[in-house]
1. Being surrounded by 10 or more Cβ atoms within 10 Å (Cβ to Cβ), within 13 Å of the chain's Cα centre (by Cα) and either free of Cβ contacts under 8 Å to residues at least 60 places away in the same chain or not in a loop (DSSP other than H, G, I, E, B) (or both) narrows it down to one of 36, 14, so name that one.
2. Looking for something part of a helix (DSSP H, G or I), touching a helix residue (DSSP H, G or I) at 6+ places or on another chain (Cβ under 8 Å) and either exposed (fewer than 10 other Cβ atoms within 10 Å of the Cβ) or modelled with pLDDT of 95 or more (or both) - is there at least one such residue anywhere in segment 22-32?
3. From the list 54, 42, exactly one residue is exposed (fewer than 10 other Cβ atoms within 10 Å of the Cβ), assigned to a loop (DSSP other than H, G, I, E, B), free of Cβ contacts under 8 Å to residues at least 24 places away in the same chain and out of contact with any helix residue (DSSP H, G or I) (no Cβ under 6 Å at 6 or more places or on another chain). Which is it?
4. If residue 48 meets every condition in (1) surrounded by 12 or more Cβ atoms within 10 Å (Cβ to Cβ); (2) not in a helix (DSSP H, G or I) apart from one, which number is that one?
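The values are calculated or read from the model by the stated rules, or taken from the named source; none is laboratory data. Source: prediction; values computed, not measured. Reconstructed Cβ throughout: ideal geometry from the backbone, glycine too, with neighbour counts over all protein chains shown.
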């Protein structure tokens, strides 16, 4: 998939991937939750992630 990228685009993609990985590691180290996108919905992950309200 990435073989179609120009060299400069590949550099940008690599830099973004490294930045995201570093931020996720920082959040893990600090014990903070992260928000990701899965199946069209926001997914909060981590020990301190807020819980959704219970359905009534």
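1. Working: 14 fails: within 13 Å of the chain's Cα centre (by Cα).
Exactly one residue qualifies, and that residue is 36.
2. Here is the first cut: in segment 22-32, the residues part of a helix (DSSP H, G or I) are 22-30.
Then keep just the ones that are touching a helix residue (DSSP H, G or I) at 6+ places or on another chain (Cβ under 8 Å); that gives none.
No - not one qualifying residue is present in segment 22-32.
3. Working: 42 fails: assigned to a loop (DSSP other than H, G, I, E, B).
From the options 54, 42, the qualifying one is 54.
4. Of everything listed in (1) surrounded by 12 or more Cβ atoms within 10 Å (Cβ to Cβ); (2) not in a helix (DSSP H, G or I), residue 48 misses just condition (1).
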